[in-house]
Amino acid sequence: MAKVNENYLKLPGSYLFSEVGKRAAKFQKENPDAKIIRLGIGDVTRPLPQVCIDAMKRAADEMGKVETFRGYGPEQGYAFLRDKIADFNYKRRGLDVSADEIFISDGSKCDCGNIQEIFALDSKIAIADPVYPVYLDTNVMAGRTGDLKADGHFEGVVYLPCSAENNFSPKPPAEKVDMVYLCSPNNPTGTTLDKPALEAWVAYAKENDAVILFDAAYAAYITEDNVPRSIYEIDGARDVAIEFRSFSKTAGFTGTRCGYIVIPEGLTGTTSTGERVPFKNLWARRHTTKFNGTSYITQRGAEAIYSDEGQVQVKELITYYLENAKIIRESLSAAGLTTYGGINAPYIWLKTPADIPSSWDFFDVLLHKLHIIGTPGAGFGPCGEGYLRLTSFNSRENTIEACDRLKNFKG
Ligand SMILES: *Cc1c(COP(=O)(O)O)cnc(C)c1O
C-alpha cells in the first residue's frame, strides 16, 4: 500500500481565508443590501502596465512565425531579463550582483517554498511570528519540524516574536539556527527592517554559519531613503544571504507569474564531512532538473518594466496603492486607532482597540458595523493576535468609501 507523507498531516487546514470567507458570506446572506468592501485581499487589482502588454503581444507574434518561434528557453531564464535585473536592481544601486547569480522563476512563492530543498533536513529554521505562511509550511512538509503544539507553534522551530514593542523587527535568537527567513517590507505587518537590524542579522549569520533567506517581494514599495531595498546593501551579506524578488506586487504579475532568486557565487554550506559547497550549484541543479523555464512571453513582459517608460508606469501603479495606504492610515488615526506599516508597503497593520482586543472579534465588528473585511492578525501566527491587516489593493473609490466608514468608527 502506498504510504502518504505524514508531514502534511501536521499542517492545520487553511483556516484563515476560508473562515474569513465563511463569515463574510454568512453576513452578506443575512444582509443582502450591505455593500461589503474587502480590505483583506492580498492580491493586486490594477491592470498590467501598458509596456508589459505591448511586449507580451510582440512576443506572442514572434511565437507565431517560424523564423522567430522559440521552444524551451534557458532554465535559468533568458539573459535579456537577467542582465536588466542585475543592472537596474543591483548595479545601478552600487550592489554587486551579476546576471549569472540570478535565476528566473514563475514567482516568488515557489522559490520561497522550494529553497529549503537545498538545505540538510536536520537544519534548524527561524521564522518571524506573525509570518507569511509559505516559509513555515514548506518546512513542515519537508519534515524539518515536529508537531503543532497547543500554543500554535511547531515543535523544533525557532520563532521570532514581532510586535509593536520591538517595532516588528525580529531579533537574532540566543541559540544557533541554520536558516533564517526574513521579509522586508513585511507581509503581513507592512513594516520594514532598517540597516542596523539587517547588519545584526548578517553578523549573526556569519557567527553561526547560517543562511538568511531574504524575501524582498515588496522592495518596489519602499519610499523612505534609509530603508534597505536589498539584503546586499549590508556589508558581508553576499556570504550569507539569498534574496527573493517578484514581479507580482511590483508590476501586477500575480496572474502573469514571474519572479527570481539571487544566490551569490560565494555563498556556501557544509557537508557532513566539513567540505564547503556553493549553494548556487545545488540550486542550479534543482532548478534545471525540476523547472523548464518561465515562458518567453512572460519574460519579455517582465523585461519591459526596465525601460524609461516601464519605470514610470510601474511607479504609477505602486503610487496608486501607496496613496490608498495613506488614506487608510490617516482615516484610522482620525478614528483614534493605532496603525503600523503602510508607508513602504501596501499593508497596514492595525492594533485592535482596547475594548475589542481579539483579532477575530474586531474582524466581526468591522464586518457587522462597517461592512469592511480585514484579515485577523492571529491568522498569521500567535503574535499576530491583537492586530488586523488591511490592504491597499482596492480601488480608490472603495478605499475612500471604506475610510469614510472607518472615520466614524466608535467601537
Ligand atoms: C506576494 C508575495 C510573494 C510573491 O509571490 P509570487 O509567487 O511571486 O506571486 C512573496 N512573498 C510574500 C511575502 C508575498 O506577500
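The values are calculated or read from the model by the stated rules, or taken from the named source; none is laboratory data. This is a predicted model, so every value here is computed, not measured. Don't worry about glycine lacking a Cβ; one is built from the backbone with ideal geometry, like all the others, and counts go over all protein chains shown. Side chains are part of the model used for accessible areas, which takes the heavy atoms of the whole protein and leaves out ligands, DNA and RNA. Shrake-Rupley method; radii C 1.70, N 1.55, O 1.52, S 1.80 Å.
Considering only residues that are open to solvent by 20 Å² or more (accessible area, probe 1.4 Å) and either of a type in the set (Phe, Trp, Tyr) or in a loop (DSSP other than H, G, I, E, B) (or both), which ones fall in the stretch 205-231? Lay out the reasoning, then the answer.
Filtering the stretch 205-231 for residues open to solvent by 20 Å² or more (accessible area, probe 1.4 Å) gives 206-209, 220, 223-226, 229.
If the condition is that a residue be open to solvent by 20 Å² or more (accessible area, probe 1.4 Å) and either of a type in the set (Phe, Trp, Tyr) or in a loop (DSSP other than H, G, I, E, B) (or both), then 209, 223, 224, 225, 226, 229 are the ones that fit.
Confirm whether residue 375 is under 21 Å from residue 251 (Cβ atoms) and modelled with pLDDT of 95 or more. Show your work before the answer.
Details: under 21 Å from residue 251 (Cβ atoms): no; modelled with pLDDT of 95 or more: yes.
For residue 375, the condition - under 21 Å from residue 251 (Cβ atoms) and modelled with pLDDT of 95 or more - is not met.
Taking residue 58, is it part of a loop (DSSP other than H, G, I, E, B), of a type in the set (D, E, K, R) and either touching an Asp or Glu at 6+ places or on another chain (Cβ under 6 Å) or surrounded by fewer than 16 Cβ atoms within 10 Å (Cβ to Cβ) (or both)? Quick ask: steps written out before the conclusion?
Values: part of a loop (DSSP other than H, G, I, E, B): no; of a type in the set (D, E, K, R): yes; either touching an Asp or Glu at 6+ places or on another chain (Cβ under 6 Å) or surrounded by fewer than 16 Cβ atoms within 10 Å (Cβ to Cβ) (or both): yes.
No.
Take residue 262 and decide whether it is among the aliphatic types (A, V, I, L, M) and in contact with an Asp or Glu (Cβ under 8 Å, 6 or more places away or on another chain).
Considered against the rule, which asks whether it is among the aliphatic types (A, V, I, L, M) and in contact with an Asp or Glu (Cβ under 8 Å, 6 or more places away or on another chain), residue 262 comes out as yes.
Given the criterion of a type in the set (Asp, Glu), open to solvent by 50 Å² or more (accessible area, probe 1.4 Å) and within 27 Å of residue 193 (Cα to Cα), identify the matching residue among 275, 330.
Result: 330 is the single residue among 275, 330 that is of a type in the set (Asp, Glu), open to solvent by 50 Å² or more (accessible area, probe 1.4 Å) and within 27 Å of residue 193 (Cα to Cα).
Name the residues in the stretch 83-110 that are within 16 Å of the ligand (Cβ to nearest atom) and closer than 21 Å to residue 193 by Cα, would you?
Of everything in the stretch 83-110, those that are within 16 Å of the ligand (Cβ to nearest atom) and closer than 21 Å to residue 193 by Cα turn out to be 89, 108, 109.
Please work out if residue 133 is touching a helix residue (DSSP H, G or I) at 6+ places or on another chain (Cβ under 7 Å) and within 23 Å of residue 347 (Cβ to Cβ). If you could, list the steps in order and put the result at the bottom.
On the way: touching a helix residue (DSSP H, G or I) at 6+ places or on another chain (Cβ under 7 Å): no; within 23 Å of residue 347 (Cβ to Cβ): yes.
Answer is no for this residue.
Check 98, 105 and return the single one that is of a type in the set (Ser, Thr, Tyr) and in contact with a His (Cβ under 9 Å, 6 or more places away or on another chain).
Values: 98 fails: in contact with a His (Cβ under 9 Å, 6 or more places away or on another chain).
When all the criteria are applied, what remains is 105.
If the requirement is being open to solvent by less than 30 Å² (accessible area, probe 1.4 Å), on the phi > 0 side of the Ramachandran plot, touching a residue at least 12 places away in the same chain (Cβ under 8 Å) and within 16 Å of the ligand (Cβ to nearest atom), which of these qualifies: 259, 252, 301?
On the way: 259 fails: on the phi > 0 side of the Ramachandran plot; 301 fails: on the phi > 0 side of the Ramachandran plot.
The unique qualifying residue is 252.
Cβ-Cβ distance below 8 Å, separation of 6 or more or different chains: which pairs start in the stretch 202-224 with a residue that is modelled with pLDDT of 95 or more and end on one that is more than 16 Å from the ligand (Cβ to nearest atom) and among the basic types (Lys, Arg)?
208/176; 210/176
Looking at the stretch 279-298, is at least one residue open to solvent by 40 Å² or more (accessible area, probe 1.4 Å), more than 16 Å from the ligand (Cβ to nearest atom) and aliphatic (A, V, I, L, M)?
yes
Filter the stretch 61-79 down to residues that are assigned to a helix (DSSP H, G or I) and among the aliphatic types (A, V, I, L, M), then give me how many there are.
Total meeting the criteria: 2.
Can you find even one residue in the stretch 33-56 that is within 27 Å of residue 359 (Cα to Cα) and without any contact (Cβ under 8 Å) to a residue 40 or more places away in the chain?
Taking every residue of the stretch 33-56 in turn, at least one turns out to be within 27 Å of residue 359 (Cα to Cα) and without any contact (Cβ under 8 Å) to a residue 40 or more places away in the chain.
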